[in-house]
Amino acid sequence: MHMDLKESLSWSDIEQHIASCTCCPLCRTRQRPVMGRGSHQADIMLIAEAPGAQEDRQGIPFVGSSGEILDRLLGDCGLSREEIYITNIIKCHPPGNRDPQEAEKEACFPYLKYETFLLKPGIIVCLGSVAARRIIAPDFRITRQHGTWIYRKNCALTATYHPSAILRDPSKYEEVKRDFREIVKKRAEMTK
Ligand code: URA
């Protein structure tokens, strides 16, 4: 059952709801649900797609090969996992690494809403087109539009390639690094 949409929920309430969630069929195949991780005071929130096999085993986002790339990118831009918050559109691993289905994304969306509500990030960064299409615009084209910004309420939103795209095509690393450097600049502008 989903949690009630109560403003009084805490981070640990959400974690407990996710840990026992049976809102979609992925609960039958997952090993461990993967709640977001990082600083609850972060002003940058990264939103990716769904946990991979390694994340499913450990219950932690970005611990596999995509995570290694992400850590390198963060390090190259003077950021660390401890100062940002990283989560996924869906919290359970889709078998065989297939794309999450619409019904799975919708079933899981309240958790992401709560994470965002509690964190109140100034900057949201979508990693890859699945996240960008769910969060920024349904017709978002990552190749053309990565690195662009939109503004909603008090939040600046952007998207860049998912780290797994760099694993498939290492030449994308520099492009993603440029996007991350702009994110760091945006944060500096916003905290002036
Ligand atoms: N890929 C994702 O989209 N999320 C993870 O947590 C790990 C890999």
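The values are calculated or read from the model by the stated rules, or taken from the named source; none is laboratory data. It should be emphasised that the depicted structure is a prediction, and the values quoted were computed from it without experimental measurement. Backbone-built Cβ (ideal geometry, glycine too); neighbour counts: all protein chains shown.
Quick check on residue 35: is it modelled with pLDDT of 95 or more, touching a Phe, Trp or Tyr at 6+ places or on another chain (Cβ under 9 Å) and under 25 Å from residue 175 (Cα atoms)?
no
One residue is enough: does segment 71-87 have a residue meeting the conditions touching a strand residue (DSSP E or B) at 6+ places or on another chain (Cβ under 7 Å), polar (S, T, N, Q) and within 12 Å of the ligand (Cβ to nearest atom)?
Within segment 71-87, one or more residues are touching a strand residue (DSSP E or B) at 6+ places or on another chain (Cβ under 7 Å), polar (S, T, N, Q) and within 12 Å of the ligand (Cβ to nearest atom).
Could you give me the residue pairs with C-beta distances under 9 Å whose first residue belongs to segment 46-58 and is of a type in the set (Lys, Arg) and near the ligand (Cβ under 8 Å from one of its atoms), whose second residue is in a helix (DSSP H, G or I) and at pLDDT 95 or above wherever it lies, and which are 6+ apart or on separate chains?
So the pair list comes out empty.
For segment 141-182, name all the residues that are more than 16 Å from the ligand (Cβ to nearest atom), in a helix (DSSP H, G or I) and either at pLDDT below 95 or touching a strand residue (DSSP E or B) at 6+ places or on another chain (Cβ under 6 Å) (or both).
179
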